[in-house]
Amino acid sequence: MTEKTTILNLPEEELVHPGNRACSGCGLSIIYRIGLKALGRDTILVVPPSCLTVLQGLYPIAATQLPCLNVTFASTAAAATGVLGALRAQKREKTTVVAWAGDGGTSDIGIQSLSGACERGEDFIFICYDNEAYMNTGVQRSGTTPKGVITTTTPIRGKLQKKKEVPAIIAAHGIDYVATASAAYPLDLYDKIKKAKTISGPRYIHVHTPCPAGWGFEPRYTVKIGKMAVETGLYDLYEIEHSKFKLTGPSRKLIGKKRKPVAEYFKTQSRFKALSDKRTEEVQQEIDAKWEGYENE
Amino acid sequence: MEKNIKFVQGNEACAEAAIYAGLDFFAGYPITPSTEITEHMALKLPQIGGKFLQMEDEIASLCAIIGASLTGKKVMTATSGPGFSLMQEALGYAIMTEIPCVIVNVQRGGPSTGLPTHASQGDVNQASWGTHGDHAIIALTASNHQDLFEITVEAFNLAETYRTPVILLLDEVVGHMREGFVIPKPGKIPLVGRLRTSVKQGVDYHPYLPREDGRLPMSDFGGVHRYNVTGLFHDMWGFPTDDPKSVHELHRHLIDKILNNVHLIEKHKEYYLDDATTILISYGSSARSARHLVENRRSRGELLGLLELQTIWPFPYGLIRKICADARYVVVVEMNMGQILREVKIAIDDPEKVFLANRIDGSYITPTDIRNILRLIQGKGV
């Protein structure tokens with residue numbers, strides 16, 4: 001898998017119908033469309049309550065052409081385990097089972113079943129679309145909401161705690177493939193899903209997913225803001241393959257280059273309005289220290 | 001002093017009432033249609049020196065408030081059906097360990113994810129029997145914001161008085177509806193504070209030895225007394241026991257402290273019952289439609305009355321039997337398949353005169369819906 005996918009050799013078949021219930025500018029609708037192209041028709045989806053179940057819509061506005069098990073909130077990976085077990089018992093070795101959950105369904109209420117499935121070595125792909133809060137219920141903080149962000153449950157000073165590093169937690173299970181991606185780089189995500197399909201056992205892909213309504217920016221800036229998160233070095237695209245860490249794509253190109261100041265990224269979204277200059281400076285220092293580590297490797 | 005008038009959602013009225021009742025610790029997890037309670041607490045509690053926590057799920061939310069209550073705080077959590085289902089194990093724990101706490105369940109359509117933003121009253125039985133084992137519980141409800149305010153305060157008072165979890169069984173219509181109400185002046189509604197032990201430091205304190213009146217004085221956990229708390233059957237020290245006499249006594253205590261005090265716990269409202277030949281029994285938002293119908297029909301001379309239940313559990317069997325004794329028809333109006341209907345049939349001598357007027361399609365039951373069913377029951381045709 002060295003060949004990079006471009007817009008020209010992307011499969012033409014659409015597995016997500018247009019006219020679905022996603023908000024305008026929804027980052028999830030980008031990655032869902034491209035992600036399903038990478039997964040192909042021989043895929044079974046397992047999805048907990050999340051924006052994705054809203055996007056999939058109410059009949060007759062149903063968005064997905066794949067079989068989808070919309071399961072309870074805490075149990076995405078557990079339900080995927082059951083589907084997988086039955087498929088393999090029927091000797092259906094090729095069908096890909098994909099759990100696709102939001103950050104709450106992955107990092108908070110869903111982490112127990114995910115951790116259990118990773119430890120058991122279930123042969124599935126878990127994709128977390130991380131829009132950094134509970135957007136489906138109206139923007140409440142989640143485990144992956146960054147420090148300082150205003151949500152409806154952190155309305156005064158913003159969230160006091162740091163963002164939970166879910167990919168690192170999952171990588172600590174020693175699974176063979178962990179990757180991060182961004183809705184602003186859908187083709188990078190496409191290639192990562194394609195690669196994940198060639199590996200067996202649990203595979204985890206964490207996708208940074210800008211949300212205009214929840215983050216407070218105009219819908220037309222979804223891709224721009226997603227890119228800024230990467231270009232400032234705040235959110236890094238990488239793969240951990242067989243326990244080996246490697247920056248990928250746009251993040252890899254940043255090595256040795258001057259990164260954009262993170263303050264520029266914060267300015268683009270109203271959710272960061274309570275952020276103090278001191279906190280901004282702290283984040284910048286954390287990014288600089290992190291990248292010094294990357295560059296010295 | 002000017003009247004403190006609000007025009008807000010029922011969820012916000014509930015949150016304001018909890019603060020009035022002395023709430024100082026709230027842990028919750030967002031879930032429609034209860035999220036506004038959690039959001040209101042996030043905004044308000046820190047400003048009055050209280051503590052708000054968003055937890056990682058509903059199991060954690062209830063367990064956090066149990067810990068905080070034992071340690072001396074007035075506590076609450078809020079959720080809806082799926083979250084309430086997750087809470088059931090911890091609910092049983094709070095019953096067994098006799099921890100005062102208030103759990104709001106703003107009902108949605110169920111089972112499972114069901115209808116998150118629609119009207120239903122399907123969790124009536126779950127509120128009582130969702131958690132395993134034999135037990136008794138208190139569950140309250142209200143149909144309008146003024147009542148909701150008072151019932152919420154009452155929930156805290158009952159939780160402290162009986163050292164028990166109290167369920168506030170609201171529904172989506174009351175939770176999301178906006179309507180006016182007055183926040184009473186401080187002190188207007190009496191508050192029951194934590195009954196703390198008078199046993200001094202260094203003197204043996206028995207956390208599970210009831211006083212003569214059945215109440216159990218508490219000692220803030222981690223404070224001056226060292227004691228054990230367990231979900232196992234326990235003795236007066238709080239240590240696990242399987243001694244049949246101790247198990248029997250604790251089991252009876254947990255049930256009797258509530259069932260022997262139904263007359264003190266029970267609250268309801270009566271409309272035109274004195275001469276009513278047809279009695280509607282309803283609660284929560286469906287009681288609004290029932291009341292509308294009763295008032296409308298009364299103006300035409302029909303002898304219709306309404307009993308609005310505010311205490312769902314312990315179920316007021318005696319009250320129902322008394323009020324319905326002379327009625328020709330008893331019609332239970334609710335948005336489920338007859339969960340209160342079943343209890344009413346148990347309560348009265350001639351259950352064949354009890355009928356159900358319900359709606360289970362997620363739509364709010366209207367006065368017209370009830371009237372149409374009533375015409376069928378009364379043999380007046382469609």
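Among the residues of region B:102-114, count how many are farther than 13 Å from B:HIS176 by Cβ and either part of a loop (DSSP other than H, G, I, E, B) or open to solvent by 10 Å² or more (accessible area, probe 1.4 Å) (or both).
Within region B:102-114, the subset farther than 13 Å from B:HIS176 by Cβ is B:102-105, B:109-114.
Keeping just the survivors that are either part of a loop (DSSP other than H, G, I, E, B) or open to solvent by 10 Å² or more (accessible area, probe 1.4 Å) (or both) gives B:110-114.
Number of matching residues: 5.
Given (1) buried (at least 24 other Cβ atoms within 10 Å of the Cβ); (2) more than 23 Å from A:GLY158 (Cβ to Cβ), where does B:GLY130 come up short, assuming only one miss?
(1)
I'm trying to understand the selection: among the residues of region A:118-138, which are more than 14 Å from chain B (Cβ to nearest Cβ) and open to solvent by 20 Å² or more (accessible area, probe 1.4 Å)?
A:GLU119, A:ARG120, A:GLY121, A:GLU122, A:ASP123
Quick one: would you say A:GLY201 is small (Gly, Ala, Ser) and under 26 Å from A:GLU119 (Cα atoms)?
On the way: small (Gly, Ala, Ser): yes; under 26 Å from A:GLU119 (Cα atoms): yes.
Answer is yes for this residue.
So which residues in region A:23-74 are of a type in the set (Phe, Trp, Tyr) and in contact with a Gly (Cβ under 8 Å, 6 or more places away or on another chain), if there are any at all?
Keep residues of region A:23-74 that are of a type in the set (Phe, Trp, Tyr), which gives A:32, A:59, A:73.
A:PHE73 - this is the single residue of region A:23-74 that is of a type in the set (Phe, Trp, Tyr) and in contact with a Gly (Cβ under 8 Å, 6 or more places away or on another chain).
What's the number of the only condition in (1) open to solvent by 30 Å² or more (accessible area, probe 1.4 Å); (2) assigned to a loop (DSSP other than H, G, I, E, B) that B:ALA142 fails to meet?
Just one mismatch for B:ALA142, condition (1).
Results for (1) charged (D, E, K, R); (2) in a helix (DSSP H, G or I); (3) open to solvent by 60 Å² or more (accessible area, probe 1.4 Å); (4) touching a His at 6+ places or on another chain (Cβ under 8 Å), shown as yes or no for each residue.
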| position | (1), (2), (3), (4) |
| --- | --- |
| A:ASP191 | yes, yes, no, no |
| A:TYR221 | no, yes, yes, no |
| A:ILE240 | no, no, no, no |
| A:THR280 | no, yes, no, no |
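I need every pair where a residue in region A:139-167 that is closer than 30 Å to A:ARG203 by Cβ and more than 12 Å from every other protein chain (Cβ to nearest Cβ) has its Cβ under 7 Å from the Cβ of a residue that is buried (at least 20 other Cβ atoms within 10 Å of the Cβ) and among the aliphatic types (A, V, I, L, M), sequence separation at least 6 or different chains.
Close Cβ pairs (under 7 Å, with a partner that is buried (at least 20 other Cβ atoms within 10 Å of the Cβ) and among the aliphatic types (A, V, I, L, M)) amount to A:PRO167/A:VAL178.
Count, please, the residues in region A:79-117 that happen to be within 14 Å of another protein chain (Cβ to nearest Cβ) and in a helix (DSSP H, G or I).
Taking region A:79-117 first, the residues within 14 Å of another protein chain (Cβ to nearest Cβ) are A:79, A:101-115.
So of that shortlist, the ones also in a helix (DSSP H, G or I) come out as A:79, A:103-108, A:111-115.
Residues meeting the conditions: 12.
From the list A:GLY233, A:GLY256, A:GLY201, pick out the single residue that is on the phi > 0 side of the Ramachandran plot and open to solvent by less than 10 Å² (accessible area, probe 1.4 Å). So that I can check it myself, show each step before the final result.
Values: A:GLY256 fails: open to solvent by less than 10 Å² (accessible area, probe 1.4 Å); A:GLY201 fails: open to solvent by less than 10 Å² (accessible area, probe 1.4 Å).
Result of the check over A:GLY233, A:GLY256, A:GLY201: A:GLY233.
Against the conditions (1) within 14 Å of chain A (Cβ to nearest Cβ); (2) touching a Ser or Thr at 6+ places or on another chain (Cβ under 6 Å), where does B:GLU12 fall short? Just the number, please.
In the conditions (1) within 14 Å of chain A (Cβ to nearest Cβ); (2) touching a Ser or Thr at 6+ places or on another chain (Cβ under 6 Å), B:GLU12 misses (2) alone.
With within 21 Å of B:GLY92 (Cα to Cα) and charged (D, E, K, R) as the only criterion, which of B:ARG252, B:ARG196 stands out? Please lay out each step first, then the result.
Details: B:ARG196 fails: within 21 Å of B:GLY92 (Cα to Cα).
It is B:ARG252.
Filtering region A:47-63 down to residues that are more than 14 Å from chain B (Cβ to nearest Cβ) and either hydrophobic (A, V, I, L, M, F, W, C) or under 13 Å from A:TRP100 (Cα atoms) (or both), which residue is surrounded by the fewest Cβ atoms within 10 Å (Cβ to Cβ)?
Among those that are more than 14 Å from chain B (Cβ to nearest Cβ) and either hydrophobic (A, V, I, L, M, F, W, C) or under 13 Å from A:TRP100 (Cα atoms) (or both), it is A:ILE61.
For region A:282-295, does any single residue satisfy the condition of being modelled with pLDDT under 95, part of a loop (DSSP other than H, G, I, E, B) and surrounded by fewer than 14 Cβ atoms within 10 Å (Cβ to Cβ)?
No, region A:282-295 contains no residue that is modelled with pLDDT under 95, part of a loop (DSSP other than H, G, I, E, B) and surrounded by fewer than 14 Cβ atoms within 10 Å (Cβ to Cβ).
Collect the residues in region B:203-225 that are open to solvent by less than 30 Å² (accessible area, probe 1.4 Å), of a type outside the set (Gly, Ala, Ser) and in a loop (DSSP other than H, G, I, E, B), keeping them in residue-number order.
Those that are open to solvent by less than 30 Å² (accessible area, probe 1.4 Å), of a type outside the set (Gly, Ala, Ser) and in a loop (DSSP other than H, G, I, E, B): B:TYR205, B:PRO207, B:TYR208, B:LEU216, B:PRO217, B:HIS225.
Here is a check on your reading of the model: is B:GLU39 under 19 Å from the mean Cα position of the chain (by Cα) and at the interface with chain A (Cβ under 10 Å from one of its Cβ atoms)? Before you say what the answer is, go through the steps one by one.
Working: under 19 Å from the mean Cα position of the chain (by Cα): no; at the interface with chain A (Cβ under 10 Å from one of its Cβ atoms): yes.
No; evaluated as a whole, the condition is false for this residue.
Identify all residues within region B:316-359 that are open to solvent by 50 Å² or more (accessible area, probe 1.4 Å), assigned to a helix (DSSP H, G or I) and not acidic (Asp, Glu); write none if there are none.
Selection gives B:TYR317, B:GLY318, B:ARG321, B:LYS322, B:ARG342, B:LYS345, B:ILE346.
Out of all the residues in region B:17-36, which are open to solvent by 10 Å² or more (accessible area, probe 1.4 Å), away from chain A (no Cβ under 14 Å) and part of a helix (DSSP H, G or I)?
Answer for region B:17-36, where residues must be open to solvent by 10 Å² or more (accessible area, probe 1.4 Å), away from chain A (no Cβ under 14 Å) and part of a helix (DSSP H, G or I): B:ILE19, B:TYR20.
Sort out which residues of region B:174-198 are open to solvent by less than 50 Å² (accessible area, probe 1.4 Å) and touching a Phe, Trp or Tyr at 6+ places or on another chain (Cβ under 8 Å), and write them in order of number.
B:GLU179, B:GLY180, B:PHE181, B:ILE183, B:PRO184, B:ILE189, B:VAL192, B:THR197
Does region B:48-63 hold any residues that are more than 8 Å from every other protein chain (Cβ to nearest Cβ) and surrounded by fewer than 23 Cβ atoms within 10 Å (Cβ to Cβ), and which are they?
B:ILE48, B:GLY49, B:GLY50, B:LYS51, B:LEU53, B:MET55, B:ILE59, B:ALA60, B:CYS63
The values are calculated or read from the model by the stated rules, or taken from the named source; none is laboratory data. Bear in mind the structure is a predicted one, so any value in this text is a computation, not a measurement. All Cβ positions, even for glycine, are placed from backbone atoms using ideal geometry, and neighbour counts span all protein chains on display. Ligands, DNA and RNA are excluded from the accessible area calculation, which covers all protein heavy atoms including side chains. Shrake-Rupley method; radii C 1.70, N 1.55, O 1.52, S 1.80 Å.
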